[in-house]
1. Residue pairs, Cβ under 6 Å, 6 or more apart or interchain, first in segment 151-167 and under 27 Å from Leu179 (Cα atoms) and in contact (Cβ under 8 Å) with a residue 60 or more places away in the chain, second surrounded by fewer than 18 Cβ atoms within 10 Å (Cβ to Cβ) and polar (S, T, N, Q). List them.
2. Condition test on Leu295, is it assigned to a helix (DSSP H, G or I) and among the hydrophobic types (A, V, I, L, M, F, W, C)?
3. Those residues that are of a type in the set (Ser, Thr, Tyr) and either in contact with a strand residue (DSSP E or B) (Cβ under 7 Å, 6 or more places away or on another chain) or over 19 Å from Ile202 (Cα atoms) (or both), I need them from segment 106-149; list them, please.
4. Of everything in segment 40-67, what is surrounded by fewer than 22 Cβ atoms within 10 Å (Cβ to Cβ) and charged (D, E, K, R)? Give them in sequence order.
5. Scanning for something of a type in the set (Lys, Arg), at pLDDT 95 or above and over 16 Å from the mean Cα position of the chain (by Cα), does segment 230-241 turn up at least one residue?
6. Of the residues in segment 167-182, how many are out of contact with any Ser or Thr (no Cβ under 7 Å at 6 or more places or on another chain) and surrounded by 13 or more Cβ atoms within 10 Å (Cβ to Cβ)?
7. When you look at Glu262, is it charged (D, E, K, R), over 20 Å from Pro45 (Cα atoms) and part of a loop (DSSP other than H, G, I, E, B), yes or no?
Amino acid sequence: MDRNAFQNKEMIDVVALGELLIDFTENGVSSQGNPLFEANPGGAPCNVLAMLAKLGHSAAFIGKVGKDFFGEQLKNAIEEVGIDGSYLRMDEKVHTTLALVHTFPDGDRDFSFYRDPGADMMLTEEEVPEELLERTRIFHFGTLSMTHEGVRRATRKAVEKAKGSGALISFDPNLRPPLWESLEDARTQVLYGLGQCHILKISDNEIQWLTGEEDYSAGVKWINDRFQIPLILVSLGKEGSRAYYQGRMVEAAPYLREDTIETTGAGDTFCGCVLHYILKHGLKSLTEENLLEMLNFANCAASLVTTRKGALRVMPEEAEIQSGLRV
């Protein structure tokens, strides 16, 4: 549909679709020696939106939670951080999805999901708000909304509608192997996402798994030989990040912190900052200086969120990121 038809309606900077769930993160032990868990709002797409909202952008979320205590907590949380929750559905029968996050000494994590089924899986094609998708500048999604057929159809409908209306498509595979019937099924859906997006954020281990290439640049070439993606970001954890754009590669060093406690949400924070930069500067004619500035800002923000438990509610302020940048 022609976007001029929506000239009297406000455009949304970023719309995301996917999972919104409770991350139970370890928070000490009880007097009996039992592990204590804190119920943090989470879910990669909403973490990305939370970072964007913190940077002053309009953001809206499409998804489903249970009509239960945790569902209400999540709805309140996203609205509290500035995400439009008008399009969040609440399932009367299926409970909100839960994840238990075990943190290793180096800050890395292992996930156990309670999602058989979970409410995020229950979103249907009919519940996808076409009008919203026709007026977004960027549409962002991952693969957790593609693990099962019903929500997969909803995701593909949203991608088709947003792309058809001229939005940029942003994709982060965010692979969680335990949630897939098989990794071959996961691979099929990741390849679908690669075929749709203009901006790809992919982690070091994901690109090696997908392409079979140990070298990241070789992995990016594998992707670009099959899909012409204008901007590919490879997040390298403690090694920093890279941007591949128009045949060029720019690499930025990490911001390593002694006060890191966990890495939950670091990749989502990074992704939100990249989308922030694209909203400001566009996706055409980016220079190496632009790319380095973008990566440096995103790396700094990601490092800050590793010093906090959870992610969605604790995204850094722009001034805090700017003050932490290397001169």
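The values are calculated or read from the model by the stated rules, or taken from the named source; none is laboratory data. Nothing here was measured: the structure is a model prediction, and the numbers come from that model. Counting neighbours? That spans all protein chains shown, and the Cβs are built from the backbone with ideal geometry, glycine included.
1. Here the result reads Ala154/Thr124, each pair linking segment 151-167 to a residue that is surrounded by fewer than 18 Cβ atoms within 10 Å (Cβ to Cβ) and polar (S, T, N, Q).
2. Yes; evaluated as a whole, the condition is true for this residue.
3. Ser112, Tyr114, Thr124, Thr136, Ser145, listed by residue number.
4. Answer for segment 40-67, where residues must be surrounded by fewer than 22 Cβ atoms within 10 Å (Cβ to Cβ) and charged (D, E, K, R): just Lys67.
5. Looking for residues that are of a type in the set (Lys, Arg), at pLDDT 95 or above and over 16 Å from the mean Cα position of the chain (by Cα), one finds none in segment 230-241, hence no.
6. Counting residues in segment 167-182 that are out of contact with any Ser or Thr (no Cβ under 7 Å at 6 or more places or on another chain) and surrounded by 13 or more Cβ atoms within 10 Å (Cβ to Cβ) gives 6.
7. When the stated conditions are applied, Glu262 does not pass them.
The rows are residues; the columns are (1) out of contact with any Phe, Trp or Tyr (no Cβ under 6 Å at 6 or more places or on another chain); (2) among the hydroxyl-bearing types (Ser, Thr, Tyr); (3) more than 22 Å from Asp225 (Cα to Cα).
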residue: Pro117; (1), (2), (3): yes, no, yes
residue: Asp120; (1), (2), (3): yes, no, yes
residue: Leu123; (1), (2), (3): yes, no, yes
residue: Val159; (1), (2), (3): yes, no, yes
residue: Ala167; (1), (2), (3): no, no, yes
residue: Lys201; (1), (2), (3): yes, no, no
